[in-house]
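The values are calculated or read from the model by the stated rules, or taken from the named source; none is laboratory data. Note that the structure is predicted; figures quoted are calculated from it, not measured. Virtual Cβ from ideal backbone geometry, glycine too; neighbours counted across all protein chains shown. Surface areas here come from the heavy atoms of the whole protein model, side chains and all, with no ligands, DNA or RNA. Shrake-Rupley method; radii C 1.70, N 1.55, O 1.52, S 1.80 Å.
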Amino acid sequence: MNNFWIILHHTYVNKLKSKSFITTTLLSIVIVIAMTNINKIIEVFDGDSGYKVAVLDETGQLYEPFKKQLSVINKEIKLFKSNKSVEKVEEAVENGDYDGVIFLHLNKEQLPEAIFKAKSFSDTSLFTDIQTGLQQLKTMLAASKINLTPEQLQKLYEPVSIENVALEKNAKTEEELNQARGLVYILLFVIYFSVIMYASMIAMEVATEKSSRVMEILISSVSPIKQMFAKIIGIGLLSLTQLTAFLLIGYFSLKQNMKSLNDGFFEVFGFGNIPVETIFYAILFLILGYFLYATLAAFLGSLVSRIEDVQQMITPMTFLVIAGFMIAMFGLAKPDATFITVTSYIPFFTPMIMFLRVGMLEVPLWEIILGIGILLVTIIALAIFGAKVYRGGVLMYGKSNSFKDIKKALQLTKNE
């Protein structure tokens with residue numbers, strides 16, 4: 001058992017001290033800090049935020065009501081009435097003094113029309129807001145022509161009142177569902193990248209030792225099964241170390257921006273009031289997903305003798321993770337779909353899709369236990385099978401023949 005802990009410690013410490021791990025961690029921390037301070041970064045680069053739009057009013061009467069309508073739609077759009085020639089104003093737009101220019105005039109029915117010119121139309125939101133403002137102005141003037149009072153006009157455009165009521169007992173409200181959707185979306189990314197990154201790291205670690213012939217020394221003193229699980233747990237501890245660093249730095253960085261983010265980031269992604277059970281299930285499915293794919297990656301890595309062959313060998317595993325993630329993305333819009341329910345019991349998809357259902361729906365406890373149970377049985381079965389393949393795989397050298405090598409590895413295990 002001492003050998004097991006030696007390999008575990010060796011795997012953990014060596015990876016922790018490696019330049020690639022330190023560089024990746026530091027870059028990821030910079031990204032976390034940047035994301036949690038995104039509002040300040042935008043302010044620094046934007047400087048004077050908002051849009052500047054020049055207005056040439058041919059009628060002499062549309063500018064003020066149009067400005068009033070547009071200020072309600074988007075306060076970031078600042079209008080500037082100009083008395084310069086068309087050529088001069090267009091030249092100012094091309095020089096970057098204005099984001100655009102709008103020419104206001106009346107049609108035959110004496111209703112407003114406009115021509116909007118900009119340097120480019122890459123930012124469609126500005127045009128959309130201007131179009132909406134002009135539409136509202138046209139509606140207001142048309143209403144005045146048929147003698148509608150402001151109160152009547154307001155009543156006409158007042159949105160219809162409709163309330164969503166769920167008949168299912170303990171069903172989440174629309175607001176709770178939207179918050180859960182944002183939270184699950186973020187945590188799904190965490191699970192996806194963690195599983196795919198750390199599982200690949202295990203395959204690479206095994207292949208590196210085989211390519212350097214260190215494996216021949218190791219198997220003479222430690223059983224391959226102990227090696228495999230020592231590496232899986234060692235990389236697992238490494239992942240927890242890295243994720244803990246990200247979470248702690250992200251948490252303290254968010255606390256510094258709590259006031260500015262409270263009505264934006266927190267409101268959209270539901271971090272204002274995180275349910276404890278959601279975090280619990282996120283951690284649980286992250287750990288289970290890691291062990292499932294880590295075991296798979298370990299014995300796949302044992303089948304190759306060259307580091308260059310690792311990515312080719314683990315590509316099917318990567319596709320499984322991507323497929324589960326894509327299904328989960330689809331499920332965010334319709335988490336109660338039959339397709340989502342069925343795939344949540346497929347072990348390779350369970351970590352992400354069952355977590356999606358638990359995070360967004362009121363799933364019966366027996367369904368959660370069933371999903372976790374199937375996943376645990378699969379992990380155990382895969383561990384037993386993987387240990388046999390790993391035991392023979394680490395003794396195989398030469399050119400890899402992809403999954404045909406699994407049969408050879410099993411035969412080597414039987415012959416021992």
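A few comments on the model shown:
- Failed item, numbered, when Met313 is tested on (1) under 27 Å from Thr244 (Cα atoms); (2) in contact with a Leu (Cβ under 7 Å, 6 or more places away or on another chain): (1)
- Qualifying residue in the range 194-210 (condition: at pLDDT below 65 and at negative phi): yes
- Residue within the range 173-182 that is open to solvent by less than 60 Å² (accessible area, probe 1.4 Å), outside any helix (DSSP H, G or I) and either modelled with pLDDT under 65 or polar (S, T, N, Q) (or both) present: no
- Where Phe319 falls short, out of the listed (1) in contact with a helix residue (DSSP H, G or I) (Cβ under 9 Å, 6 or more places away or on another chain); (2) exposed (fewer than 12 other Cβ atoms within 10 Å of the Cβ); (3) aromatic (Phe, Trp, Tyr): (1)
- Filter result for Ala114 (under 17 Å from Phe127 (Cβ atoms), open to solvent by 20 Å² or more (accessible area, probe 1.4 Å) and part of a strand (DSSP E or B)): yes
- If only residues of the range 50-96 that are β-branched (Val, Ile, Thr) and over 40 Å from the mean Cα position of the chain (by Cα) are counted, the one that is surrounded by the most Cβ atoms within 10 Å (Cβ to Cβ) is Val89.
- Helices (runs of 4 or more DSSP H) fully within the range 279-372 that include at least 2 residues being among the hydrophobic types (A, V, I, L, M, F, W, C) and closer than 30 Å to Thr208 by Cα: 310-331.
- Unique residue being open to solvent by 70 Å² or more (accessible area, probe 1.4 Å), at pLDDT below 75 and of a type outside the set (Phe, Trp, Tyr) when the list is Ser144, Ser122: Ser122
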